[in-house]
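Remarks on the structure that follows.
The values are calculated or read from the model by the stated rules, or taken from the named source; none is laboratory data. Being a predicted model, the structure only gives us computed values, none of them experimental. Cβ placement follows ideal geometry from the backbone for every residue including glycine, while neighbour counts extend to all protein chains displayed. Quick note on the areas: whole protein, heavy atoms, side chains included, nothing else; ligands and nucleic acids left out. Shrake-Rupley method; radii C 1.70, N 1.55, O 1.52, S 1.80 Å.
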Amino acid sequence: MRPIESRIDTGGVAYAENAAVYEALVATLKERMQFAINGGKGRERSIERHLARGKFMVRNRIDLITDHGTPFLEFSTLAGHGQYNDEVPGAGIVTGIGVVQGSPYVFIANDATLKGGSLVPMAIKKHVRAQEIAEENSLGIIYLVDSGGAFLPLQDEIFPDKDHFGGSFYRQARLSAQGLPQLSVVLGGCTAGGAYVPALSDEVIMVEGIGRIFLGGPPIVKAALGEIIEPDDLGGAELHTRISGVSDYMAATEQEAYGKLREICETTNQRAIADRQSWADCQEPKAPLYAAEEIYGIISADDRIPFDATEIIARIVDGSEFSAFKPEWGESIIVGFARVWGHLVGIIANNGIIFSEAALKATHFIELCEQRRVPLLFLQNTSGYMVGRDSEAGGIAKHGAKMVAAVANATVPKYTVLIGGSYGAGNYGMCGRGFNPRMLFAWPNSRIATMAADTAETVLVDIRLGGLKAAETTDEEIAALRAEVRDQYETQSDPYYATSRLWDDGLIDPVDTRDALGLCLALAARQDEPAPGPGLVYRM
Ligand code: COA
C-alpha cells in the first residue's frame, strides 16, 4: 500500500480558521460529556446520600473491576441529552466494553444517583443496544444492578413493546443460551422487572446491606398482604444466598464482590476464544504519518465547503497507507483497502453527492470485501444521491438501490462513522443505523436528516404552494412555515439531538476515532470467520 500524500497547508489561514471552530466544537462535546458523567438537576444530594451509604459511583465500579491499564470503550454517554428536564444525564445507565481477566465484556451498569437507577426510555434503549453489541461481537455481559426497575411515570414507553423491558430479558436469556456469560452483581434494590436481571443471570453476587432482590418491595407487600417487613428480610443478600438460592455468592463489601467477579471471569473460558487463530488478517500496527488533530483544520467551518475524505483517511489508518480501488472512476466516492491498528479494512468514503458511477463502484467494492472477508468501514459525508433529469435518466435509482442492497446483504462486520452530512438515501447506502453496522460513531460536526434545512424549507413551501391550500395561504404564513421548517430541521439534525436518542453509539472526538475503530476491529477478529455471503445478483 502507498502512503497518502497530504495536500493540506497546515500553515494556511483557512486551516487555522477551521481548527479554531472545530476546537470549540470539541470543547462543547467535552463539557457535555462532563455533565453526562457528573451533572443533573439536584444530583448533589443523591450523590451525597449514595456515597454516605458506602457505595461507589458507577464509573468507579467499572474501574475496580476491569484490568489495570486497559481501555474502556463507553457507548452513548450523551444518551438522554436535553431530555427528561436534564434530570437523567446519560439516561442513568453506563454501557461499554471493558477488559476483565484479559477478555472483553460488555458492561451494563445502572447509576443509582439518577432517579434511583430506574430506567427511562433511553436507558432501556441503551441497555438493549448494549446486549445487541454483545451478541454481534460474541461477548459476555457484566450487569452492575442498582436500579428501581422501570421509570414508572413513563411506563408506556418502557414496558410493553418489542425491545422494551421484556425484550431485554428475552435477549438476556438467549445470550446465555449462546454461551455468552451473563454475570450480575447486585448493588441496590432490584424490584419487579429489575429483579429479573440477576434472576436470569448465570451467576449472581449480592453485596450485603445494599443489594436486595424482590418481585414486590415492602410497600407492595404491605398493600397486598398487610405484612410489614424490613427490606433485608424480604430480599437481602443473606436471604437470597442462604435460603432462596436466587443469588450464588454474597460479599460483605463492593470490593469483595468485584474480587469474586474477577474470580468468576477466570472460569468463563473466554480467553480460549481469544487465543484461537484469528480469521482476520492482522499486521504489526503503524501510526499514521499525519496527526489526527489536523482533522480539526481540514473540516470546513462552513459546511457548504467540501473537504477531501482522503485527507481524513490519511489521519486514521496505519502509516497513512491506502490502496485505492478504481481511483479514476466514480470519484464522488473513494474506496480502497487500509489497516487500522494492524487490521485490514475496506473503506468507503464520500466526497460529496453520490453519482451513479460512484454507487456502482461502491457496490463492486462491497462485493470484493464480501468475497475476501474483509470488514467494511463507511465514512459518511454526503447530501445523498444525485438528483435531476440526467441522473434519473441514467438510472440513479437503480444504481443507488444496488449499493443499498449490497450493504444490506454484506455479512462481513460493518462500521460507520458520520464525519459530516448524513442525508437522504445516502444514509442508507453508506450503512446508516437501519443497515445494522456493528458500531456507529458520529463527530460533533455531523448532521443527520432526510435533507439539509435549506432544502427542506424550499421543498415544504413548494409543496404547500402546489397543494389544495395554496390559494388561501398568505405571505406571512409562508414566511412562518419557512422559519418553522428551518428551525425543526436545524434542531433535529443536530448531532446532540441524534446521540441523545441513540441513533449512534456515541459522539466522539475525531482524534479518538482510530482507537475506537481499532478496538472494534480487534473484537471482530477474535470471532469465528462469518459464513460467506449469499451471492447477490445485481440488476445491472
Ligand atoms: N420510577 C420512577 N422513579 C423512581 C423509581 C421508579 N421505579 N424508583 C426510584 N425512583 C426515583 C424516586 O422517586 C426518587 O426521585 P427524586 O430524586 O426525584 O425524588 C429517586 O428515584 C430516588 O429514590 P429513593 O427511593 O429516594 O432512593 P433510595 O436509594 O432510597 O431507593 C429504590 C431506591 C430503587 C430502592 C427505591 O426508590 C424503590 O424501591 N423504587 C421503586 C421500585 C419499584 O417498585 N419498581 C417497580 C418497577 S416495575
Share of the chain's accessible area from carbon and sulfur, percent, 1.4 Å? 53 percent
Largest first, what is the accessible-area ranking of Lys398, Lys55 with a 1.4 Å probe? Lys398, Lys55
Mean Cβ-within-10 Å packing, highest first, puts peptides 370-383, 469-482 in the order 370-383, 469-482
Is there a pair in Lys126/Lys222; Lys398/Lys469; Lys41/Lys126 whose C-alpha atoms are over 23 Å apart, and which pairs would that be? Lys126/Lys222; Lys398/Lys469
Just going by the charge dipole of the chain, with Lys and Arg at +1 and Asp and Glu at -1 on Cβ, which of Gln172, Ile347, Asn381 is farthest out on the positive end? Gln172
Only Lys, Arg (+1) and Asp, Glu (-1) charged, at Cβ; the stretch 1-119 dipole about Cα centre in debye: 520 debye
Using alpha-carbon positions, what is the distance between the centroids of the stretch 300-325 and the stretch 439-517, in Å? 25 Å
For the chain, give the magnitude of the charge dipole about the Cα centre (Cβ charges: +1 Lys/Arg, -1 Asp/Glu; no others), in debye to the nearest 20. 960 debye
Of Glu48, Glu74, which has the most accessible area with a 1.4 Å probe, and how do the rest follow in descending order? Glu48, Glu74
Highest mean first, how do 219-231, 134-146 rank when packing is the count of other Cβ atoms within 10 Å averaged over residues? 134-146, 219-231
Taking 8 Å as the Cα distance limit and 6 or more residues as the minimum spacing, I'd like the relative contact order of the stretch 8-165 as a percentage. 18 percent
Could you check the simple spin-label distance between Glu477 and Phe159, using points 7 Å along Cα→Cβ, in nm with one decimal? 4.3 nm
Could you tell me which helices of the chain pass both thresholds, a Cα extent of 15 Å or more along their own axis and a mean Kyte-Doolittle hydropathy of at least -0.5, with helices taken as whole DSSP H runs? 13-38, 165-177, 356-372, 396-409, 453-466, 513-525
Hydrodynamic radius by Kirkwood, which averages 1/r over all alpha carbon pairs of the chain, in angstrom: 25.1 Å
For the stretch 275-364, which trypsin sites (Lys or Arg not before Pro) pass both filters: DSSP loop (anything but H, G, I, E, B) and at most 12 other C-beta atoms within 10 Å? Arg276, Arg304
Quick one: check the C-alpha center-to-center distance for the stretch 110-181 versus the stretch 13-38, whole angstrom. 32 Å
How much mean residue ellipticity at 222 nm does the chain get from its helices, if each DSSP H run of length 4 or more adds -39500 (n - 2.57) and you divide by all residues, to the nearest 500 deg cm²/dmol? -12000 deg cm²/dmol
Starting from the Cα of Arg53, step 7 Å toward the Cβ, then list every residue of the stretch 242-258 with an amide N under 15 Å from that point. 253-254
Charges only on Cβ, +1 for Lys and Arg, -1 for Asp and Glu: so what's the dipole of the stretch 156-311 about the Cα centre, in debye to the nearest 20? 580 debye
May I ask you to list the residues of the stretch 190-212 whose amide nitrogen lies under 14 Å from a point 7 Å from Cα along the Cα→beta-carbon direction of Val221? 190-192, 212
Of the options His50, Phe35, Tyr22, report the single residue whose Cα projects farthest towards the positive end of the charge dipole of the stretch 22-119 (beta-carbon charges: Lys, Arg +1; Asp, Glu -1). His50
Amide proton proximity set for Thr382, modelled H, under 5 Å, gap of 5+: Gly421, Ser422, Tyr423
Looking at this model, which pairs from Lys115/Lys162; Lys30/Lys125; Lys326/Lys414; Lys326/Lys361; Lys55/Lys125 are more than 18 angstrom apart at the alpha-carbon? Lys115/Lys162; Lys30/Lys125; Lys326/Lys414; Lys55/Lys125
Amide H neighbours of Ser118 under 5 Å, at least 5 residues apart or on other chains, H built in the peptide plane: list them. Gly148
